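> Okay, handing you the structure first.
The values are calculated or read from the model by the stated rules, or taken from the named source; none is laboratory data. In this text the structure is predicted, and so the values were computed from the model without any measurement. Don't worry about glycine lacking a Cβ; one is built from the backbone with ideal geometry, like all the others, and counts go over all protein chains shown.
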Amino acid sequence: MPTFFADQLQQIASRILQGAGVPSEHAGVVAENLADANLVGHDSHGVIRLAQYIERIQQGFNDPTGSPQVVLRQASLALIDGHNQLGQVVATQALQLALEQARVHETFTVLCRNCWHVGRLGFYTERAARQGFVAMMAVNSPAIGRTAPWGGLEPRLGTNPISIAVPWRDHPVVLDMASTAAAEGKIRVAYQKGESIPEGWLIDAEGNPVTDPATLYRDEKTLMLPLGGTMGHKGYGLGVVIDLLCGILSGYGFARQDIPRGANGVWLHLIDRKTLMTDDDCDEQIERYVAWIKSSRKAPGFDEIFMPGEIEQRQRALRSRDGVLVPDETWQRLEQLAANLKVSLKGI
């Protein structure tokens, strides 16, 4: 498997996107998000996504030259119409607006519609947390998803992820999770690596477990399962409320047949921590809390208890030093994508 550093992955992504007609400024925004996902160990949201993005552009669903527009603006709320721009471009504008206004109003909410896959949510919430804001973000899939409702055998929801980040010194606590048993991208990574997946991620049309990830991409009747296993009603419930927040309230909708999978309705909410307490007071309380959590006696097979986002922090340090291993299948697809777009990857 070839190894690349984050800046190299960013260059690869930017060149391929520009080859598909994405303006350089927008290509840089998307490329940074993808490379950062690889850097923190979430290869499911890294450069593996480029083929999907280029396909949507070529199909005419994405308009990489579109200009996101604020169509509703209130004292503590805004709605952005992405005009089918790439999701990272829309979400970055939403975050910038939320940061500016939350500094003035202590809290601010932005909803987005008509935008595409925004990438890893923790990328945005962590950035806000590093600037002193508690950040909450969720996205739904307005197109018909591949997730079964609890007790059902037909697709009704998307993976509907959520992220919450809380400022804490130099390393915010960052929760970033899908409401399904696994993010679709993790299944895609296993597929490209030729690996099997655990039972409990996928089922067939009759409800039987599926462990071959290729089945999800070859058989439309294969379904993803809500988070929770035998308690899957909890993941299902989370997915439902995310559809309501991100799809209904934004006006982007749900179960739409006029757009392919990959679009996102967005809900982003920030709270200025300094409104509630001083940074030092909060940091000290979190420090005591983290110590309390980690002091628990370890269960068999566990050497350490991690806080949300801590594994990603370690992966960032490790991969920043050693680089990111890109699976051969993924790299071959990127090379083919570049060739089709007449893009040179030499010199990277």
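> Restricting to the range 306-315, give me the number of residues that are surrounded by fewer than 17 Cβ atoms within 10 Å (Cβ to Cβ) and either in the same structural domain as GLY19 (by TED's automatic domain parsing) or in contact with a helix residue (DSSP H, G or I) (Cβ under 8 Å, 6 or more places away or on another chain) (or both).
Filtering the range 306-315 for residues surrounded by fewer than 17 Cβ atoms within 10 Å (Cβ to Cβ) gives 306, 310-311, 314-315.
Then drop every residue that is not either in the same structural domain as GLY19 (by TED's automatic domain parsing) or in contact with a helix residue (DSSP H, G or I) (Cβ under 8 Å, 6 or more places away or on another chain) (or both), which leaves 315.
Residues in the range 306-315 being surrounded by fewer than 17 Cβ atoms within 10 Å (Cβ to Cβ) and either in the same structural domain as GLY19 (by TED's automatic domain parsing) or in contact with a helix residue (DSSP H, G or I) (Cβ under 8 Å, 6 or more places away or on another chain) (or both): 1 in total.
> Would you mind finding the one in SER24, SER14 that is without any contact (Cβ under 8 Å) to a residue 12 or more places away in the chain and more than 21 Å from LYS186 (Cα to Cα)? Steps first, please.
Values: SER14 fails: without any contact (Cβ under 8 Å) to a residue 12 or more places away in the chain.
Matching residue, one of SER24, SER14: SER24.
> Is there any pair linking a residue in the range 148-173 that is without any contact (Cβ under 8 Å) to a residue 24 or more places away in the chain and small (Gly, Ala, Ser) to one that is buried (at least 18 other Cβ atoms within 10 Å of the Cβ) and in a strand (DSSP E or B), with Cβ under 9 Å and at least six apart or on different chains, and which?
The qualifying pairs are GLY152/LEU223.
> Examine the range 185-201 for a residue that is surrounded by 15 or more Cβ atoms within 10 Å (Cβ to Cβ), in contact (Cβ under 8 Å) with a residue 60 or more places away in the chain and not in a helix (DSSP H, G or I), and state whether such a residue exists.
No, the conditions are met nowhere in the range 185-201.
> Counting just the residues of the range 85-100 that are without any contact (Cβ under 8 Å) to a residue 40 or more places away in the chain and either surrounded by fewer than 21 Cβ atoms within 10 Å (Cβ to Cβ) or not assigned by TED's automatic domain parsing to the domain that holds ALA138 (or both), which one comes out farthest from VAL266 (Cα to Cα)? Steps first, please.
Initial filter on the range 85-100 (without any contact (Cβ under 8 Å) to a residue 40 or more places away in the chain): 93, 96-97, 100.
Within this subset, residues satisfying the condition of being either surrounded by fewer than 21 Cβ atoms within 10 Å (Cβ to Cβ) or not assigned by TED's automatic domain parsing to the domain that holds ALA138 (or both) are 96-97, 100.
On the way: GLN96: 14, LEU97: 14, GLU100: 18 Å.
Going through the qualifying residues, I end up with GLU100.
> So, in the range 327-344, of the ones that are over 26 Å from the mean Cα position of the chain (by Cα), of a type outside the set (Ser, Thr, Tyr) and surrounded by fewer than 13 Cβ atoms within 10 Å (Cβ to Cβ), which residue ends up nearest to PRO2 (Cα to Cα)?
Filtering the range 327-344 for residues that are over 26 Å from the mean Cα position of the chain (by Cα), of a type outside the set (Ser, Thr, Tyr) and surrounded by fewer than 13 Cβ atoms within 10 Å (Cβ to Cβ), the one nearest to PRO2 (Cα to Cα) comes out as ALA339.
> Going residue by residue through the range 23-38, is there one that turns out to be touching a strand residue (DSSP E or B) at 6+ places or on another chain (Cβ under 6 Å) and under 22 Å from GLU329 (Cα atoms)? Please lay out each step first, then the result.
Filtering the range 23-38 down to residues touching a strand residue (DSSP E or B) at 6+ places or on another chain (Cβ under 6 Å) leaves 38.
Adding the requirement that they be under 22 Å from GLU329 (Cα atoms) leaves 38.
Checked against the condition, which is being touching a strand residue (DSSP E or B) at 6+ places or on another chain (Cβ under 6 Å) and under 22 Å from GLU329 (Cα atoms), the range 23-38 yields at least one hit.
> Could you count how many residues in the range 52-75 are in contact (Cβ under 8 Å) with a residue 12 or more places away in the chain, within 30 Å of ARG319 (Cα to Cα) and surrounded by fewer than 17 Cβ atoms within 10 Å (Cβ to Cβ)?
The qualifying residues number 1.
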